[in-house]
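Please treat every number below as a calculation from the coordinates, not as lab data. Predicted model only: the values in this text are computed from it and were never measured. Cβ coordinates were reconstructed from backbone atoms using ideal geometry, including for glycine residues, and neighbour counts include every protein chain displayed.
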Amino acid sequence: MLSSQNADLTSEDEDSDQKSGTSYKERRREAHTQAEQKRRDAIKKGYEDLQVLVPSCTQQDSVSSYKLSKAAILQRSIEYIQTLQQQKHKRDKDLQMLRKDVLGQEIMKSNYEDMVKQHQQTQQQSCLNYNAQMISDETKFEVFKAVCDNLFHSFDSSVQVNNFSELSACTIGWLEEHCKPQNLRQIIHGILEQLKNQLP
């Protein structure tokens, strides 16, 4: 029963093939050819897209008259991707360094804010202890003179003045070594302590 039905179906397919003028093998071959053509078109478009996206391929194509080979397009695409990866790695390192710098600046800012608070508290306490005693212009001048004398002493012992080039180099070196905020803070703190002890 089944064999007779299959025979009937086969005969119907053959009849339809004969009527349409194409065989089953020819239809399969045509479908395979179309699928292969689609695959080749997709590959071709992929290479065309790469050639547009990769700068070295675009520059080469506009300067020279010959067409780049697929191997050349792939090689230049690989080199371009490697360059982008290196640039990304460098940007990541730079970003990491900037984050560390920001963190360091925030720590310094916090420390300076604490120092300002401590200084303000010390000033308030000093005002209470000395009953808001006014400082005369003569005392302020003595502070200024003591600071200048201290700086000039280190400047005179550190800076050579044989020629302008030596003067410039020594001055910058002296400035970086002796005029750091912490050094100036120590100098002024010592001067103020001396003057405080001299006050009645």
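Cross-link check: pairs Lys45/Lys88; Lys145/Lys196; Lys109/Lys196 evaluated at a Cα-Cα cut-off of 20 Å; pairs beyond the cut-off: Lys45/Lys88; Lys109/Lys196. The modelled label-to-label distance for the pair Asp114/Asn163, using points 7 Å beyond Cα in the direction of Cβ, is 4.9 nm.
Using alpha-carbon pairs under 8 Å, 6+ residues apart, how would you state the relative contact order of the range 67-200 in percent? Reported relative contact order: 17 percent. For the pair Gln82 and Gln123, label points projected 7 Å from Cα toward Cβ lie 6.2 nm apart.
With +1 assigned to the C-beta of every Lys and Arg and -1 to the C-beta of every Asp and Glu, and no other charges, what is the dipole magnitude of the range 135-200 about the Cα centre in debye, to the nearest 20?
Dipole magnitude for the range 135-200 comes out near 200 debye.
Summing +1 for each Lys or Arg and -1 for each Asp or Glu among the other residues whose beta-carbon sits under 13 angstrom from that of Ala35 gives +3.
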